[in-house]
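Computed from the coordinates by the stated procedures, all read-outs in this text should not be read as laboratory data. Just so it is clear, the structure is predicted and the values come from calculations on it, not from any experiment. Using ideal geometry, Cβ is built from the backbone for each residue, glycine included, and neighbour counts are taken over all protein chains shown.
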Amino acid sequence: MFTGLIREMPTVAQLENNFLTLKSSYQPKIGDSIAINGACLTVVKTGKNIFTVELSPETQNLIAVENLKGKVHMEPAMQLHDRLEGHIVQGHIDTTGEITKITPLANATDFHIKLPKDYIKYIIPKGSIAIDGISLTVNEVFEESFRLTIIPHTLKNTLFSKYKTGTKVNIETDMFARYLYHMFHKEKKISWDMVDSIMASY
């Protein structure tokens, strides 16, 4: 589990086959889960100020691999005593989206992101979403896209400052929206006992 708050932006040292090596001041342990651009990966090798994670074929097919260069977003898995300051993020990328419009405002910047139409049903106005691992709030939802408003602090301290029209980003929709859609789409008639039973199975 993650919170969607970026703790560091390490530098990619190498991406070879299914191994991604990063230079970082954070020192994980072998076997740790760590989110890179929002994708939950497993640490398989460590060294001084450097560590390597492994990307499965499934992960490589889902994420924007072309962004695994230069700086990336990183968040270690949350611990039980941590504060939940963003929202519950699983590190399971649903799909990639494409930035189609960037509009500077007086004290913020609007980003419009297009994604496959099948995933729009999981995106809710004023709901949560993770973009490249960042916990954000959806402002507006359209037929095949949605709008985010990024404040100056987030713009300055994340890769959003580097994003341009056409940039691909990793998207993880809100897990509660996915669960509720699955429950109500599957069951035409549903009771609170059924809700309790389904939620207990996750």
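For the range 11-76, the pair-distance distribution built from all alpha carbon pairs, in bins 10 Å wide starting at 0, is 23, 64, 13, 0 percent. Bridging of K29 to lysines at a Cα separation below 26 Å is possible for K45, K48, K69, K71, once same-chain residues fewer than 8 apart are set aside.
By the rule of a C-alpha distance below 19 Å, with chain neighbours fewer than 8 residues away ignored, the lysines paired with K101 are K114, K117, K156, K162, K164, K168.
Estimated at 0.36 nm per residue, the fully extended path between N49 and N107 surpasses their Cα-Cα distance by 17.3 nm. Between E8 and K121, the contour length at 0.36 nm per residue exceeds the Cα-Cα span by 37.5 nm. Counting every other Cβ atom within 10 Å of each residue's Cβ, T100, T52 order from fewest to most as T100, T52.
Sparse packing (at most 14 other Cβ atoms within 10 Å of the Cβ) combined with a DSSP loop state is found for the following trypsin sites (Lys or Arg not before Pro) in the range 12-46: K29. Spatial offset of the range 29-70 relative to the range 80-154 amounts to 22 Å, using the alpha carbon center of each. Across the range 2-41, the residues whose backbone nitrogen lies under 17 Å from the label position 7 Å along the beta-carbon direction of T137 are 4-5. Convex hull volume of the C-alpha atoms in the chain, normalised per residue: 137 Å³.
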